[in-house]
1. Quick check: is even one residue across the range 76-94 touching a Lys or Arg at 6+ places or on another chain (Cβ under 7 Å) and of a type in the set (Lys, Arg)?
2. Taking the stated definitions as given, is residue 125 exposed (fewer than 15 other Cβ atoms within 10 Å of the Cβ) and more than 22 Å from residue 53 (Cα to Cα)?
3. Could you tell me how many of the residues in the range 127-158 are at positive phi and of a type in the set (D, E, K, R)?
4. If residue 150 passes every condition in (1) out of contact with any Ser or Thr (no Cβ under 9 Å at 6 or more places or on another chain); (2) modelled with pLDDT under 85 but one, which one does it miss?
5. Please pick out the residue among 122, 150 that is of a type outside the set (Ser, Thr, Tyr) and closer than 19 Å to residue 61 by Cα.
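The values are calculated or read from the model by the stated rules, or taken from the named source; none is laboratory data. The model shown is predicted, which means the values in this text are computed figures rather than measured ones. Here the Cβ positions follow ideal geometry from the backbone for every residue, glycine too, while neighbour counts run over all protein chains shown.
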Amino acid sequence: MTAISSEALSTRRIRTICVYCGSSAGAEPLHHEAARKLGTIIGKAGLGLVYGGSNMGLMGMIAGAVAEAGGKVTGIIPDFLINEKNTLKADHEQIVVPDMHTRKRLMFERADAFVALPGGIGTLEELVEQMTWVQLERHSKPVVLADIGGFWRPLLALFAHMREQGFIHSRFEVRYLVAEKIEDILPMIETAAAEAERRGLKKETIDPRL
């Protein structure tokens with residue numbers, strides 16, 4: 001895949017990327033490196049990060065890397081998760097919301113694409129919700145699984161099992177991208193956004209709030 005320059009990315013279809021990831025660091029240093037690398041790439045491309053608002057775990061790593069590389073960081077966090085450890089740095093925009101539903105809606109509205117790094121149940125829930133909305137043609141924003149070190153392979157195997165069992169049909173296919181290398185993510189997103197634009201698809205066809 002041909003790489004797209006940071007200058008092209010920052011002036012074209014993609015302005016902000018929502019990254020779902022763990023508020024825990026996890027046990028694999030490879031995932032720490034991936035979060036920091038993706039943050040650096042986003043920041044150097046002049047793009048903004050939208051994420052869950054914590055400064056802990058992979059969330060904190062990617063937010064710090066984006067800011068250090070010159071990108072804008074927007075954290076959206078429900079008020080019940082606010083504490084001293086989750087207080088963002090002064091140079092980050094922090095939006096405090098009353099509940100998880102509002103958090104997810106604002107994350108959707110402020111993002112042009114979505115990336116799932118390794119994480120737990122919350123990360124999985126946010127990712128699958130976006131995939132469901134794409135499947136139901138509620139929006140056409142790119143959704144990328146960052147399959148670093150094979151983290152998402154069990155989920156991909158489950159999707160294959162669902163297809164085999166007749167619960168995912170070709171007419172309503174689950175559309176997503178899989179990146180095994182962090183440096184492939186932005187080019188994949190831009191290519192997908194260009195294809196959606198070529199096909200005349202809107203980023204958001206209707207209000208996706210459920």
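1. No, the range 76-94 has no match at all.
2. no
3. The qualifying residues number 1.
4. The failed condition is (2).
5. 122
Yes or no, residue by residue, for (1) part of a helix (DSSP H, G or I); (2) within 17 Å of residue 21 (Cβ to Cβ):
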| residue | (1), (2) |
| --- | --- |
| 114 | no, yes |
| 119 | no, yes |
| 124 | yes, yes |
| 137 | no, no |
| 157 | yes, no |
| 174 | no, no |
| 178 | no, yes |
| 189 | yes, yes |
| 192 | yes, no |
